[in-house]
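Structure, as structure tokens:
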Amino acid sequence: MKKWYESLFENYGKNYDNERYTKGTIGECDFIEKEIDFDKSLKIIDIGCGTGRHSIELTKRGYKIKGIDLSESQLERAIEKAKAQSLQIDFQKHDARKLPFKDDFDVAIMLCEGAFSLMETDEMNFEILRNVTKSLKKSGKLIFTTLNGLFPLYHSVEKFHSSTTDEGNTTCRSNTFNLMTFREYNITMVEDDSGNKKELKCNERFYVPSEITWLLKTLGFKRIDIYGAKLGAFSRNDELTTEDFEMLVIADFTSEI
């Protein structure tokens, strides 16, 4: 039986690109460029690349990217978009819990909950982080976003979803947040590219900063910086607060200054 995240992304490439949360690509890539000092010699892996929006934009700017995703329909859309712009990008289908790479990349990006936090157990989510770490060189850097566990302690997740959903986009209802597991359960309504409507029972894991720090330190990262993640406007100036639905995490293997 397919997991909810596998069903969600089936035949959902074009409509995915119309979702509100996909509109921050340019600003997010601006931030990534600054974080890697505009070094176009670096090898970058985009994990949970979806329809390739970050991979495509960074390739247009001269970077070498490998995009991986579990969804064939998302990858097909990514390949189609890259081809339309005459871009050569290596898109591959992989499960982020079982990556075949070792010490291959200088930078890993994992944005917009493309992989991490979607898994049904904490152990599976940890496997994603472990495999990403294994894929990086010892001088590598990891940049990712994940759901901020501080937000649902002070706000209704259901109200947040309803306030940020445009007409025709995916909708969430019947949200419940479990304080013991920090998982949010909801019923998601999505329309695929063929116009078929699907109702999925979904759940995602929210993380508090101390958990993320501990998980990454367990994997050998020495410096872990966490900020609020603003759509299309990532910045080291944005201190994480209870108002941020997502957090931005930047980690590397160098010691703190």
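The values are calculated or read from the model by the stated rules, or taken from the named source; none is laboratory data. Just so it is clear, the model here is predicted, and its values are computed rather than measured. Because the Cβ atoms are built from the backbone with ideal geometry, glycine has one as well, and the counts that use them run over all protein chains shown.
Here are a few things to note about the model shown:
- Residue-level analysis places Glu184 among those that are modelled with pLDDT of 85 or more, of a type in the set (D, E, K, R) and crowded, with 18+ Cβ neighbours inside 10 Å.
- Boolean, Gly13 is among the small types (Gly, Ala, Ser) and in contact with a helix residue (DSSP H, G or I) (Cβ under 6 Å, 6 or more places away or on another chain): yes
- Residue in region 245-252 that is over 23 Å from Asn131 (Cα atoms) and touching a residue at least 40 places away in the same chain (Cβ under 8 Å) present: yes
- Test: residue in region 15-30 that is aliphatic (A, V, I, L, M), out of contact with any Lys or Arg (no Cβ under 6 Å at 6 or more places or on another chain) and surrounded by 15 or more Cβ atoms within 10 Å (Cβ to Cβ): no
- Of the listed requirements (1) among the charged types (D, E, K, R); (2) over 18 Å from Ser156 (Cβ atoms); (3) outside any helix (DSSP H, G or I), Glu204 misses just one: (2).
- Tallying residues that are more than 25 Å from Thr22 (Cβ to Cβ) and assigned to a helix (DSSP H, G or I) within region 113-163 yields 9.
- If the condition is being in a helix (DSSP H, G or I), buried (at least 19 other Cβ atoms within 10 Å of the Cβ) and β-branched (Val, Ile, Thr), then region 208-233 contributes only Ile212.
- Look at region 89-109: where a residue is closer than 23 Å to Asp37 by Cβ and a partner is modelled with pLDDT of 95 or more and among the aromatic types (Phe, Trp, Tyr), sitting 6+ places away or on another chain with Cβ atoms under 8 Å, you get Ala108/Phe144; Ile109/Phe144.
- Boolean, Gly195 is on the phi > 0 side of the Ramachandran plot and either of a type in the set (A, V, I, L, M) or assigned by TED's automatic domain parsing to the domain that holds Glu10 (or both): no
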